[in-house]
């Protein structure tokens with residue numbers, strides 16, 4: 001992985017680009033990172049799309065539920 005300082009800098013850059021209207025595709029298995037940075041989350045289960053969660057609906061429980069196929 002990367003060190004905390006580098007990760008913070010990457011997150012800062014992602015937020016800056018997103019605020020400028022640039023679309024960002026973030027692939028991560030770190031739920032706090034996903035919940036904290038994304039306004040739309042596309043979740044897959046066994047190689048297939050299992051759901052899309054947007055804005056206020058984004059939370060760890062919902063993502064885990066979709067990712068586990070429940």
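Observations on the model:
- In the chain, Cα pairs under 8 Å separated by at least six residues give a relative contact order of 21 percent.
- Exposure proxy for 64, 2, 14: other Cβ atoms within 10 Å of each Cβ, ordered fewest to most, give 2, 64, 14.
- The listed peptides 32-41, 17-26, ordered by packing as a protection proxy, come out as 32-41, 17-26 (highest mean of other Cβ atoms within 10 Å first).
- Gained length - residue 11 relative to residue 54, 0.36 nm times residue gap less alpha-carbon distance: 13.5 nm
- Tail fraction, Cα-Cα pairs, segment 24-70, threshold 13 Å, whole percent: 49 percent
- Contour minus Cα-Cα distance for residue 20 and residue 44 (0.36 nm per residue): 5.9 nm
Every number in this text was worked out from the coordinates using simple rules, so none of it is lab data. None of these values were measured; they are calculated from a predicted model. Backbone-built Cβ (ideal geometry, glycine too); neighbour counts: all protein chains shown.
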